[in-house]
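Just below is one structure, and these are the notes that go with it.
The values are calculated or read from the model by the stated rules, or taken from the named source; none is laboratory data. These numbers were taken from a predicted model, which means no experiment stands behind them. Glycine gets a Cβ as well: all are built from the backbone with ideal geometry, and neighbour counts include every protein chain shown. Each accessible area value is taken on the protein alone, full model and side chains, heavy atoms only, with ligands, DNA and RNA left out. Shrake-Rupley method; radii C 1.70, N 1.55, O 1.52, S 1.80 Å.
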Amino acid sequence: MTNRSHDPISGARSDAGAPTVPEMEAVCPAVDGRYELERVLDRGSFGLVYVGRDVWLERPVCVKMIAPEHVAEALALRRFRREAVAHASVRSEHVAQVYSFGPHEDGYYLAMEHVQGRNLQDLIDEHTRHGARLPLLRAVSILRQICEGAAAIHRAGVVHRDIKPRNVVVEEATGRPVLIDFGLALKPAEKKALSGPLQVVGTPEYMAPELVDGSTFGPISAATDVYALACTAFELLVGHTPFEDPNPYKLLKRHLTELPAAPSSFLRELAPFDAVLSRALAKHPHHRFGSAAELGQALARAAEQARPPLPPSEDPLDMPSGVHRIQVPDLPTDVVPRPAVSRRVLVVDDDPEFRSFATRAAQIAFYGHDVRTKAVKTGSHALRDVAEKAPDLIVLDYDMPGLDGIDTLARIRDHAHGMAARVVIVSGKIGTGRRHELDLLGVDTVVAKPVEMPMLVDALANVAARAGWLRAVSEQDG
């Protein structure tokens, strides 16, 4: 969990991330008798965030605590508790889940879901360094899901106040975008109850006018987050935020007084988004979309208009699908398969020999389980199949003609049936320089062609083990 924010009053800036936190930070012993802390993940203005483990439930966690130098400050304690209450009131798969909150030493702790992945700002920056933009459909898919998370926050009566790409983590195994960091979250009804000065805080690139000048533009509300979502959408689509200036005072003034440029003035194909973002970035909250969900729907409609057509479909394959079983050596007598749970594996590759090869590998990897395999030769066929039924695991060729692996997966992730699938990419060409594309799409594993059968079987089995579908290869061998 990372947070980059400016205090426009002092000009101070915090820009923290996991790789830059000093390793000398002291890691305290187990919290509440169950959370073992392993390392510092992030340091903010008032708190420390640790990566740890719940020893009772055997799952990774993030644990946030007030930094030692602030535990004696009554205001910091009240605000941390307010953050925990606001965060815990939200239920959404696109908002990090709160596990528990309570006293620890002289302060409090907040245990949360640890979303393992990369923050969206890092992925945007890495695409920019490679001279690339985020795939349009994938960008809009992420935006739509972030809007769903924001809508859940607003239904709980909370305003996040710091929605931005750095506060969105893209889960590494599924590509699920998750909103994090409720450090500035506020229930508007509680604003007057807070003691202490209410400073202008946030990240200037994403701050709505009412955060700076409430007397002119009205109180903080869900529309404040709609504006931040629109700034985030602009950045994902265009490559930079609507307003830019190294001076935070001048940047905030631009939010107050200037109209944003149309996205199509940077990229012609973004014309369907012009009206959507113009409305979402309106200066007065009443002129924006009525909800985050409404903005998400408008972005999805614009994407449909901008969506490039699929290449002409080839004739459907006559490769059989269903429950396939092959003869493999008997398992050792001390290995007892789990009860059969049907898993669906989709193989997508334009090479018929590799389709058969990968199908066999999946059947061996899932030996002792009910596995249903389907093999198709184009991205278009894969999209039709995913629309019919959700796959658990996709083995996808990166180098296909027509829709390549990245474009195919971007479209699959945009479909409700494809959001949670684990993905193994196979390729004879992809290198480490393309990893940012795969992280954005939630690719679990990359396998280089040519590949031997045991290596592919192990790769698929280990992906399934990490997903909790069967035991890891090392456990089976042991």
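For the reader, a short list of remarks on this structure follows.
- Accessible surface, region 202-320, averaged per residue in Å² (probe 1.4 Å): 47 Å²
- Set of lysines with alpha-carbon distance to K374 below 20 Å, sequence-local pairs under 8 removed: K389
- Among the protein heavy atoms, those of V238 account for about 20 Å² of accessible surface (1.4 Å probe, every chain in place).
- Three semi-axes describe the equivalent ellipsoid of region 37-168; taken as square roots of 5 times the Cα gyration tensor eigenvalues and ordered largest first, they are 28, 18, 15 Å.
- Using the Karplus relation 6.51 cos²θ - 1.76 cosθ + 1.60 with θ = phi - 60°, the per-residue 3J(HN,Hα) values for region 410-424 come to 4, 6, 5, 5, 7, 9, 4, 6, x, 5, 9, 5, 7, 10, 10 Hz, with x marking Gly and Pro.
- Solvent exposure of region 335-444 as accessible area per residue, Å², 1.4 Å probe: 36 Å²
- Accessible-area composition of region 48-93, carbon plus sulfur, in percent [1.4 Å probe]: 57 percent
- Accessible surface for region 29-77, divided over its residues, is 50 Å² per residue with a 1.4 Å probe.
- Under 5 Å from the amide H of G117 lie the amide H atoms of E172, each residue being 5 or more positions distant or on a separate chain, with H modelled from the backbone and absent for Pro and chain starts.
- Candidate aspartates and glutamates for bridging to K283, where Cα separation is under 19 Å - those fewer than 8 sequence places away on the same chain excluded: D162, E205, E210, D213, D225, E235, E244, D245, E258, D274, E294
- Protection proxy ranking of 93-102, 178-187 - average other beta-carbon atoms within 10 Å, highest first: 178-187, 93-102
- Cross-link partners of K64 among lysines (Cα-Cα below 21 Å; sequence separation of 8 or more within a chain): K164, K187
- Prolate/oblate/rounded call for region 369-409, Cα gyration tensor, a/c under 1.5 rounded: prolate
- Residues whose amide H lies under 5 Å from that of H369, counting only those 5 or more places away or on a different chain, are absent; hydrogens are built 1.01 Å from N in the peptide plane.
- With all protein chains modelled, accessible area of D370 [1.4 Å, Å²]: 30 Å²
- 3J(HN,Hα) along region 205-216: 4, 10, 8, 5, x, 5, 6, 9, 9, x, 5, 8 Hz, from the Karplus curve 6.51 cos²θ - 1.76 cosθ + 1.60 with θ = phi - 60°, whole Hz, x for Gly and Pro.
- What a 1.4 Å probe finds exposed on region 347-401 is 47% carbon and sulfur by accessible area, rounded to a whole percent.
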